[in-house]
Amino acid sequence: MSRRNIQLDEQNKLRHFITVEGLKRQMLVDILDTAENFLGLGARKTKKVPLLRGKTVANLFFEPSTRTRSTFELAAQRLSADILSMDIKTSATSKGESLLDMLQNLEAMGVDMFVVRHGSSGAARFIAEHVAPHVSVINAGDGCHSHPTQGMLDMFTIRKEKGEFAPLTVAIVGDILHSRVARSQIHALTTLGVTEVRVVAPRTLIPADVATLGVHVHHEMESGIKNADVIIMLRLQKERMQGGFLPSEAEYFKRYGLSEARLKLAKPDVTVMHPGPINRGVEIASNVADGEHSVILQQVTNGIAIRMAVMSMTLGRPEIEMGEPK
Amino acid sequence: MSRRNIQLDEQNKLRHFITVEGLKRQMLVDILDTAENFLGLGARKTKKVPLLRGKTVANLFFEPSTRTRSTFELAAQRLSADILSMDIKTSATSKGESLLDMLQNLEAMGVDMFVVRHGSSGAARFIAEHVAPHVSVINAGDGCHSHPTQGMLDMFTIRKEKGEFAPLTVAIVGDILHSRVARSQIHALTTLGVTEVRVVAPRTLIPADVATLGVHVHHEMESGIKNADVIIMLRLQKERMQGGFLPSEAEYFKRYGLSEARLKLAKPDVTVMHPGPINRGVEIASNVADGEHSVILQQVTNGIAIRMAVMSMTLGRPEIEMGEPK
Amino acid sequence: MSRRNIQLDEQNKLRHFITVEGLKRQMLVDILDTAENFLGLGARKTKKVPLLRGKTVANLFFEPSTRTRSTFELAAQRLSADILSMDIKTSATSKGESLLDMLQNLEAMGVDMFVVRHGSSGAARFIAEHVAPHVSVINAGDGCHSHPTQGMLDMFTIRKEKGEFAPLTVAIVGDILHSRVARSQIHALTTLGVTEVRVVAPRTLIPADVATLGVHVHHEMESGIKNADVIIMLRLQKERMQGGFLPSEAEYFKRYGLSEARLKLAKPDVTVMHPGPINRGVEIASNVADGEHSVILQQVTNGIAIRMAVMSMTLGRPEIEMGEPK
């Protein structure tokens, strides 16, 4: 028997959500189906259900992220959870408390879930390996490794647009090397069985292990997006320019930006996606971002539904046993 | 037919609350009457109603303001809304995201209302012009333009003290030129039909368009507050001193401060108001601020009721149609 | 008749919780018994009761404290209170508003309880002396004076471990001089009638009035913890080193650190406590902190229950009369 996936409990239900990698197709489909229910909720007048009432969710954001943090906060509020938001810079870690001591203290306060954003790859997994049995961990982005709720909200958006994954060709364009979003998307797309996943980037921004990911590599935008059903543009991290990975913004747009002219190379009903926030005129032209093929804002809406789905799936398991006080 | 007021919906109900200017007398009375109900709530043991349960209110404070922000947060909590408080300096705008992109993203997250404080006049209106049909905007102060909930809480306070507006003479004393509070008060007092509105300030602090506001201008405190039923003292913005608009604090108090001696010039039952926070001994003597004529703390209490009123009136409209998810 | 204890109301029920000093034994027992109920709640799936629904709790933290603040926030959320967290540095006090004006304004907004952390001894009492009759104040730590909820959670922990107070010998080790925690513990232990309270510290860290506290003073660790039933290690404030109060960290551990070897001097079933966050290897060895005698994490869990107890006892009194709006 293979080593148990840390993300699953004894009944193979989702306990943590650290990475898409290693999860079975059916689990991903379950997440998408659960999110479908929550999407309908967002359109009702009362966007609130009592599923996590009396549970406590702690946001541990070691890296600032207004957007991701806001969506997790809203998801938790709409599930009726209590929320503890920790400003890590001002917390006791500055008094020399170790991360593990901080986690144990928060658990002792009755925290049921940690939503973790961290600059180091593997941080969320490390935390998941050390929490008490009834506590769940959601990875809200760790270094260059994984951003699984972003990956799944993108799958959700694709399914809503296209219905099926099998026939699709999906092109991911941009800084693949440093993108936790791209890694999560690639694992999800492969698991869900799309025909072809392409990554499109200059040689300096393609990871060395790209061959193991089961994707097709393109260095030219034109071949990369040709006949694509879905184009996912990544956000250009401007700080990469200084690193010599990239030419100027104007040069980048000329080679890899998604313009209206280039968009014609893709399928006529191509779907254009971007995790946001967008750099208008850098990786994507404004009229493409706002155009009829773009589903960028739907991605944001879907992100709330996906986060509610994984939060309720992990914390709502009937078999959770609470720690008894001594 | 005249151009529709952006603040009203198709049924002429309040959709946004950006400015008192242009609203009809009956609308202002409706706001005051609604606030009356919420004031009673504040005195009950359980200061909470489910009117906005499942709605999401986003606080967008581009200017810091603990007091106004706290009152809006409390008002939203007591209406059972979910609250998203954005620290704008640390938000994605620092990643170069435009204001409109940020708004669209927040709408895509299911935000139903923006409470906006901004240093630029017109900011709240600009936002109101760009939000989705089911979203409401409340102006929590924009530049020198308008602070309509402050204006209305002052009207509420006056009505509770005096019963009727028609017979009143109201004097507003201080930096009229830079005061969004004064502008909102003047529009409200005029619309509600008080006999006489006076503004009392040195020439440097009177706006050039004062004649169009329908007020009487006084440069001397003595004539300005003589026989007044209500005196509203404005907060002295100390940073104006550097601008050459004003002499020293001591000199200001000597000419325009509200002392006990001067208060005798007004009607015997004069009501003394101030939007807070007060500068004791600068624009108002301590014993006047704490004295029997002062209703400064009642203004604060009334502010919660007024904010609950406009939040519930704008978001609680039965005809709101939610955006349907794609 | 003696002067009324400011912490009690007319019916001798707990109105404020400022200090353990001066409270009768039965009141301390009532707090412990009430906390017992809330501890069970923390183990349930839904850690929430509606006891303070519709009440507003304002956190006034003039000193930063992530841990204490988090426990009060969680306690208030689990009692269903609304919470207003004030960042005092960015609040209106920076506009020159006095503390009393700020308090009066918050009361006017309908705040029912202030949870106060302040660097000056006496701050919480000062605030309690100035609030309206229906408002309660909880001291979350004032200078070197008192930290009564910490003291009571420690008593709660001791009672759960030992059952009875009367037969116990309790040793408190560390910087007694600057410790508000130690003062609260000493008053509580004495009131609850333990056999012997010892304080163990270098001469420089013993308060001058120690004789009046009814404790035994030890300057050597070995005699101090000999045959103790409970050892409470205090956190070493590293900034004291600069003050000349203390030698190096290594030297401190050598003289006053709790190592496994030293632990053998105490009773075989000794309970080891620490208010946290711990400095591993400074005042306590890692294996002792994590060892079988340690109840450090239970103290954290118990802290939520104690805070829920005092919040519900003070705010839940049936005889509270609300201020009526004018």
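The residues of segment B:131-143 that are not in a loop (DSSP other than H, G, I, E, B) and not β-branched (Val, Ile, Thr), listed by number, are B:Ser136, B:Asn139, B:Ala140, B:Gly141, B:Asp142.
For segment C:1-52, residues that are within 29 Å of C:Ser121 (Cβ to Cβ), crowded, with 16+ Cβ neighbours inside 10 Å and charged (D, E, K, R) total 5. Apart from one condition, C:Lys160 fits all of (1) assigned to a helix (DSSP H, G or I); (2) surrounded by 24 or more Cβ atoms within 10 Å (Cβ to Cβ); the exception is (2). Yes or no: A:Val29 assigned by TED's automatic domain parsing to the domain that holds A:Ser120, among the hydrophobic types (A, V, I, L, M, F, W, C) and at pLDDT 95 or above? When the stated conditions are applied, A:Val29 passes them. When A:Ile127, A:Ile176 are checked against the criterion of being crowded, with 22+ Cβ neighbours inside 10 Å and closer than 22 Å to A:Tyr256 by Cβ, a single residue qualifies: A:Ile176. Among the residues of segment A:208-225, are any more than 30 Å from A:Arg15 (Cα to Cα), within 14 Å of chain B (Cβ to nearest Cβ) and out of contact with any helix residue (DSSP H, G or I) (no Cβ under 6 Å at 6 or more places or on another chain)? No, segment A:208-225 contains no residue that is more than 30 Å from A:Arg15 (Cα to Cα), within 14 Å of chain B (Cβ to nearest Cβ) and out of contact with any helix residue (DSSP H, G or I) (no Cβ under 6 Å at 6 or more places or on another chain). Residues that are out of contact with any strand residue (DSSP E or B) (no Cβ under 6 Å at 6 or more places or on another chain) and part of a loop (DSSP other than H, G, I, E, B) within segment B:110-130 comprise B:Gly119, B:Ser120, B:Gly122, B:Glu129, B:His130, listed in sequence order. Within segment A:283-299, take every residue that is crowded, with 20+ Cβ neighbours inside 10 Å and under 21 Å from the mean Cα position of the chain (by Cα) and give me the one that is nearest to the other protein chains (Cβ to nearest Cβ). Per the criteria, the residue is A:Gln298. Among the candidates A:His187, A:His178, the residue that is part of a loop (DSSP other than H, G, I, E, B) and touching a residue at least 40 places away in the same chain (Cβ under 8 Å) is uniquely A:His178.
The rows are residues; the columns are (1) among the charged types (D, E, K, R); (2) touching a Cys at 6+ places or on another chain (Cβ under 8 Å); (3) outside the structural domain of B:Glu129 (by TED's automatic domain parsing).
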residue: B:Asp9; (1), (2), (3): yes, no, yes
residue: B:Lys13; (1), (2), (3): yes, no, yes
residue: B:Thr34; (1), (2), (3): no, no, no
residue: B:Lys48; (1), (2), (3): yes, no, no
residue: B:Arg53; (1), (2), (3): yes, no, no
residue: B:Ala58; (1), (2), (3): no, no, no
residue: B:Arg67; (1), (2), (3): yes, no, no
residue: B:Leu74; (1), (2), (3): no, no, no
residue: B:Ser80; (1), (2), (3): no, no, no
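Considering every residue within segment B:227-239, establish whether at least one is within 19 Å of B:Glu196 (Cβ to Cβ), at pLDDT 95 or above and surrounded by fewer than 19 Cβ atoms within 10 Å (Cβ to Cβ). Yes; the residues of segment B:227-239 include at least one that is within 19 Å of B:Glu196 (Cβ to Cβ), at pLDDT 95 or above and surrounded by fewer than 19 Cβ atoms within 10 Å (Cβ to Cβ). For segment C:267-282, a residue qualifies if it is within 12 Å of chain A (Cβ to nearest Cβ) and within 23 Å of the chain's Cα centre (by Cα), and the qualifying residues are C:Thr271, C:His274, C:Pro275, C:Gly276, C:Pro277, C:Ile278, C:Asn279, C:Arg280, C:Val282.
In a residue-by-residue description of segment A:144-156, the property of being under 18 Å from A:Leu103 (Cβ atoms) and not in a loop (DSSP other than H, G, I, E, B) applies to no position. Looking at B:Leu32, B:Leu52, just one residue is of a type outside the set (Ser, Thr, Tyr), in contact (Cβ under 8 Å) with a residue 12 or more places away in the chain and not in a loop (DSSP other than H, G, I, E, B), and that residue is B:Leu32.
The requirement of being under 16 Å from the mean Cα position of the chain (by Cα) and within 13 Å of chain C (Cβ to nearest Cβ) is not satisfied by B:Phe17.
Within segment C:104-148, the set of residues being more than 17 Å from C:Leu52 (Cβ to Cβ), more than 14 Å from chain B (Cβ to nearest Cβ) and of a type in the set (A, V, I, L, M) comprises C:Val116, C:Ala123, C:Ala124, C:Ile127, C:Ala128. Restricting attention to segment C:55-81, the residues that are at the interface with another protein chain (Cβ under 9 Å from one of its Cβ atoms) and in a helix (DSSP H, G or I) total 8.
Inspect segment B:11-18 for any residue being over 13 Å from B:Val310 (Cα atoms) and either in contact with a Pro (Cβ under 7 Å, 6 or more places away or on another chain) or at pLDDT below 95 (or both) and give the result as yes or no. The answer is yes; a qualifying residue exists. The numbered conditions (1) of a type in the set (A, V, I, L, M, F, W, C); (2) within 15 Å of A:Val137 (Cα to Cα); (3) assigned to a helix (DSSP H, G or I); (4) modelled with pLDDT of 95 or more are all true for A:Leu100 except (4). Filtered by the rule that a residue be under 14 Å from B:Gln185 (Cα atoms) and modelled with pLDDT under 90, segment B:195-212 gives a lone residue, B:Val210.
The values are calculated or read from the model by the stated rules, or taken from the named source; none is laboratory data. Quick caveat, the model's predicted, so the values are computed rather than measured. Every residue, glycine as well, gets a Cβ built from its backbone with ideal geometry; the counts of neighbours run over all protein chains shown.
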